[in-house]
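As structure tokens, the structure follows; a few thoughts come after it.
The values are calculated or read from the model by the stated rules, or taken from the named source; none is laboratory data. Bear in mind that the values here come from a model prediction, so they are computed numbers and not experimental data. When we count neighbours, we look across all protein chains shown, and the Cβ atoms used for this are built from the backbone with ideal geometry, even at glycine.
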Amino acid sequence: MNIKTIAFFFGFIIANFCFGQQEFRENFTLKLAVDSVKYYQQEVKKSPYFVKENTLQIYPGEHLFIEAEVKNGKLELMKVVKENINPSKTIEIEFSQDDEDKKHKGMMLQVSNPFDKNLLYDAMMYTVGKSQWVETSILPVKPKLMSFELWNDVIITLVLHNWRLEN
């Protein structure tokens, strides 16, 4: 083997390791009911779930399994996985819109905590009719339980960040 072939294979292995750990959402059309007449619609391009380290962006209709390592009370090496094969370190998150007769009723974020401590994180939302991100309050998720956050706003996307564990 020559040096170019070795360099190619080495680069391929590194790229596969770096990018293979990160799951990407596929292209999809986000369609949200606003009222009985209006809808919000957006084409969401293929993109990483984590927009930067431990900063998750989630859209309505997504149901994710996120594996995380715990180090000094902080969650590290968070990554989206296809299924929950490590339940002791996998957070399950689902973001959805409740609508009835094509009319928006509310948004819900479900988060399950597999850990022995309270799971905390911060959240920002981007809503229909606003042109900026807005912080929103989040309650801690008790150990081994699931939380339900509810909003009346029509939320296009949420960013969840600053993940941590506390007693």
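Overview of results
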| item | result |
| --- | --- |
| First in the stretch 72-96 and at pLDDT below 95, second anywhere and assigned to a strand (DSSP E or B) and of a type in the set (Lys, Arg), Cβ under 7 Å, 6 or more apart | 73/164; 74/164; 75/164 |
| Cβ-Cβ under 6 Å pairs, at least 6 apart or on other chains, the stretch 37-54 side more than 26 Å from residue 99 (Cβ to Cβ), far side basic (Lys, Arg) and assigned to a strand (DSSP E or B) | none |
| Condition met for residue 106 (under 26 Å from residue 133 (Cα atoms) and either of a type outside the set (A, V, I, L, M) or surrounded by fewer than 17 Cβ atoms within 10 Å (Cβ to Cβ) (or both)) | yes |
